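Enquirer: My questions will all concern the structure given below.
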Amino acid sequence: MTAFRTLDQADVKGKRVLVRVDLNVPMENGRVTDATRIERVLPTIQEIAEKGGKVILLAHFGRPKGRDPKESLKPVAEAVQSHLGRPVAFADDCIGDAAARAVAVLKDGDVLLLENTRFHAGEEKNDPAFVEALAKLGDIYVNDAFSAAHRAHASTEGLARALPSYAGRTMQAELEALTKGLEAPKRPVVAIVGGAKVSTKIDLLENLVKKVDALVIGGGMANTFVHATGLGVGKSLAEKDLAATALRIIEQARESNCAIILPVDGVCAYEFKAGAENHTYGIDAIPEDQMILDVGSQSVERVCAAINDAATLVWNGPLGAFEIAPFDQGTVAAARHAAERTKAGKLLSVAGGGDTVAALNHAGVSESFTYVSTAGGAFLEWLEGKSLPGVEALKA
């Protein structure tokens, strides 16, 4: 981690520390329904406060077009205070007099949350004047929001270049895990990529086949590959117009000596609903009037065998329609097998993406993976091999 400045290099005592966090949490009736993102940033807030820094939290919430009370961070401040176990003040703006007054009364160790940065158009435009207005409020900048690091916004990238900047503990953990996952991994490396559509993951697949030793393709996107190889997929979700793209990715994998692992059987049903009558067929014998909704037991065995061969596993996307039983069985079985290998010290496992996190939670194994990223878009862009503006700005 010598490439990134971290809190280990920062002297925060008596300093005003602008900390970019991700508090874009789900809300219902003014209450936070999932506090995962709040919990992730607590170590950084706690450490800075305990070292005598004045913690000034910056965050966005939703996609407001200008100031919108429905997108205020005020209710989130109460949730942060509850989880942190120390008072969290709130300012009803993130720049200007209201913010300056709130910052001015802070004592060492105090915590303040500023209002939604996206209430100002300058945030998403990375406007230098808005960056300057934010920078006036702090002496040091800490970014602990990897999930927003793929955006070149004022509070994620502009500020990092305007003030002495450091990675927070959650950002640091994410960068360390991702480095071990693909940048400098222990080999062999296996990637599992699932989900509905190939079209949303072309860049990801093309990058992975150059970096991993084996690539497992599952979910609806596997149907597109199966169709491209000349087999029927019945009424299954498949992007048949992307057959040429699928064949190109298969060829790139062959040139890079990356094994592509496709399903060899599928769990099929006439309709997609809970408890639907289903049967398992070989992938070369899918009925024309049914749809593939999960990988079959032989496919799961192949995936588990690939995991057994791996020293490093990178996972993005479920293997089937895991949201509805019984089509969750393939994803759950593979996830639990990966978790067992990880707990036995035989596998470094890194997973990320919204559906992936939900699937691992459903399988009850999130805590058993080496690292589970809560960053959706940023995790995907990292898998695609793209540089992330908010990370680049923290490089030493």
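Enquirer: Tilt of helix 243-255 relative to the longest C-alpha principal axis of the chain, in degrees (0 to 90, nearest 10)?
Expert: Here the helix axis deviates by roughly 90 degrees.
Enquirer: Something else: By how many degrees, between 0 and 90 and to the nearest 10, does the Cα long axis of helix 219-228 differ from the longest principal axis of the chain?
Expert: Taking Cα atoms only, the helix is inclined about 50 degrees.
Enquirer: At 1.4 Å probe size, with every protein chain present, just tell me what the per residue accessible area of region 175-250 comes to in Å².
Expert: So region 175-250 comes to 38 Å² accessible per residue, rounded to a whole number.
Enquirer: Mean separation of Cα pairs under 8 Å and 6+ residues apart, divided by the residue count of the chain: what relative contact order is that in percent?
Expert: Taking the mean separation of contacting Cα pairs over the length of the chain, I get 16 percent.
Enquirer: OK, next. Return the loop-located trypsin sites (Lys or Arg not before Pro) in region 130-171 (DSSP other than H, G, I, E, B) with at most 16 other Cβ atoms within 10 Å of their own Cβ; answer none if there are none.
Expert: Within region 130-171, the qualifying trypsin sites (Lys or Arg not before Pro) (loop, at most 16 other Cβ atoms within 10 Å) are LYS136.
Enquirer: Per residue, how much accessible area does region 23-146 have with a 1.4 Å probe, in Å²?
Expert: 46
Enquirer: What is the spin-label model distance, in nm, from ALA184 to GLU132 if the labels are put 7 Å beyond Cα along the C-beta direction?
Expert: Calculated label separation equals 4.0 nm.
Enquirer: Tabulate in residue order the Karplus-calculated ³J(HN,Hα) for region 76-84, using 6.51 cos²θ - 1.76 cosθ + 1.60 with θ = phi - 60°, rounded to whole Hz; enter x for Gly and Pro.
Expert: Running phi through 6.51 cos²θ - 1.76 cosθ + 1.60 with θ = phi - 60° gives 5, 4, 5, 5, 4, 4, 4, 6, 6 Hz.
Enquirer: Considering only protein heavy atoms and a probe of 1.4 Å, how much of the accessible area of the chain is carbon and sulfur, as a whole percent?
Expert: 48
Enquirer: Continuing with this model, one more query. With r defined as the distance between the Cβ atoms of LYS197 and ASP139 and R0 fixed at 56 Å, what FRET efficiency is calculated, to the nearest 0.05?
Expert: Once rounded, the FRET efficiency stands at 0.75.
Enquirer: HN-Hα J couplings of region 189-200 from phi, Karplus 6.51/-1.76/1.60, θ = phi - 60°, integer Hz, Gly and Pro as x?
Expert: 10, 10, 10, 10, 10, x, x, 7, 10, 5, 4, 8
Enquirer: Give a residue-ordered list of calculated ³J(HN,Hα) values for region 307-318 (Karplus: 6.51 cos²θ - 1.76 cosθ + 1.60, θ = phi - 60°; whole Hz; x for Gly, Pro).
Expert: These are the phi-based 3J(HN,Hα) values: 5, 4, 7, 8, 9, 9, 10, 10, 10, 9, x, x Hz.
Enquirer: Among SER299, SER256, GLY345, pick out the residue whose Cα is farthest towards the positive end of the charge dipole of region 239-396, where Lys and Arg carry +1 and Asp and Glu carry -1 on C-beta, about the Cα centre.
Expert: Looking along the dipole axis, the top candidate is GLY345.
Enquirer: Now a separate question. In degrees between 0 and 90, to the nearest 10, how far off the longest principal axis of the chain does helix 202-211 point, with axes built from Cα atoms?
Expert: 80
The values are calculated or read from the model by the stated rules, or taken from the named source; none is laboratory data. If you're wondering where the values come from, they're calculated on a predicted model, not measured in any experiment. With ideal geometry, Cβ positions are generated from the backbone for all residues, glycine too; neighbour counts draw on all protein chains shown. Ligands, DNA and RNA are stripped out before the accessible areas are found, and what is left, the full protein with its side chains, is counted by its heavy atoms. Shrake-Rupley method; radii C 1.70, N 1.55, O 1.52, S 1.80 Å.
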